[in-house]
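The values are calculated or read from the model by the stated rules, or taken from the named source; none is laboratory data. As the structure is a prediction and not an experimental result, all values here were calculated from the model. All Cβ positions, glycine included, derive from the backbone under ideal geometry; neighbour counts span all protein chains shown. Side chains included, ligands, DNA and RNA excluded: accessible areas come from the protein's heavy atoms. Shrake-Rupley method; radii C 1.70, N 1.55, O 1.52, S 1.80 Å.
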Amino acid sequence: MILEGIVTSQDASGNLNVAPMGPIVDESMSTLVLRPFQTSRTFRNLKEHPQGVFHVTDDVLLLAKAAIGQIEAEPETIPAEKIQGRILKSACRWYEFEVEQLDDSQERTRIVCEVVHSGRLRDFFGFNRAKHAVLEAAILATRVHILPAQEIRDQLAALKIPVGKTGGDDELAAFSLLASFVDAELSEGESQ
């Protein structure tokens, strides 16, 4: 099963990277299989410093900003307990991990990680259609250079409906941010 969340990783100097990621997990959450592209900071960081933290969160505004690289200020964190890493204070729960295997023979790598410690900060908000729609929109935003423009526009138009009906301020702001980003990216691509 793929569980969407946010991975924090650090480079050799300790600089934090916050990236949305959907690792393959099992119900025990003892192993995570990450699949970042080799062009990503997450890949470079985990190759340099093979430790990180996977976060389960309902903070869709942070997830949206991370997906399109528009985190203005570093989010609040606390030190990880068993690894050299940082835990997002907005997370519901977290999983500190160490890289066990890293296969970079393909453009999309396969990184098998062992969970070495986990914890909980707060309850998950619950199922909300707007939060899920923002998550899907964030995934689309990361694929503007892969998927056909019309397919992205059609999917965003469909996702806008549940956000408008069931979203709060954060969901509306996150969706607006993502829609603006996608529009700018697609317009730029069409003008080339």
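Below are the figures for this structure:
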item: Answer residue from the stretch 78-119, given it is over 13 Å from P50 (Cβ atoms) and of a type in the set (S, T, N, Q) and is modelled with the lowest pLDDT among those; result: Q106
item: Subset of the stretch 71-94 [out of contact with any Lys or Arg (no Cβ under 7 Å at 6 or more places or on another chain) and either open to solvent by 30 Å² or more (accessible area, probe 1.4 Å) or more than 30 Å from F181 (Cα to Cα) (or both)]; result: E72, A73, E74, E81, K82, I83, Q84, R86, K89, S90
item: Number of positions in the stretch 103-136 that are β-branched (V, I, T) and part of a strand (DSSP E or B); result: 4
item: Matching residues, the stretch 76-88, being within 20 Å of L3 (Cβ to Cβ) and either over 19 Å from the mean Cα position of the chain (by Cα) or in a loop (DSSP other than H, G, I, E, B) (or both); result: A80, I83, G85
item: Any hit, the stretch 92-108, residues being over 18 Å from the mean Cα position of the chain (by Cα), closer than 29 Å to E185 by Cα and touching a residue at least 24 places away in the same chain (Cβ under 8 Å); result: yes
item: Given (1) outside any helix (DSSP H, G or I); (2) surrounded by fewer than 12 Cβ atoms within 10 Å (Cβ to Cβ), number of the condition K165 does not satisfy; result: (1)
item: Lone unmet requirement of (1) open to solvent by 90 Å² or more (accessible area, probe 1.4 Å); (2) closer than 30 Å to T77 by Cα; (3) of a type outside the set (V, I, T); (4) part of a helix (DSSP H, G or I) for R143; result: (4)
item: From the options F54, F37, F97, residue that is open to solvent by 20 Å² or more (accessible area, probe 1.4 Å) and not small (G, A, S); result: F37
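Matching residues to (1) polar (S, T, N, Q); (2) over 19 Å from T142 (Cβ atoms):
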| site | (1), (2) |
| --- | --- |
| T31 | yes, yes |
| F37 | no, no |
| S40 | yes, no |
| D59 | no, no |
| L62 | no, no |
| A66 | no, no |
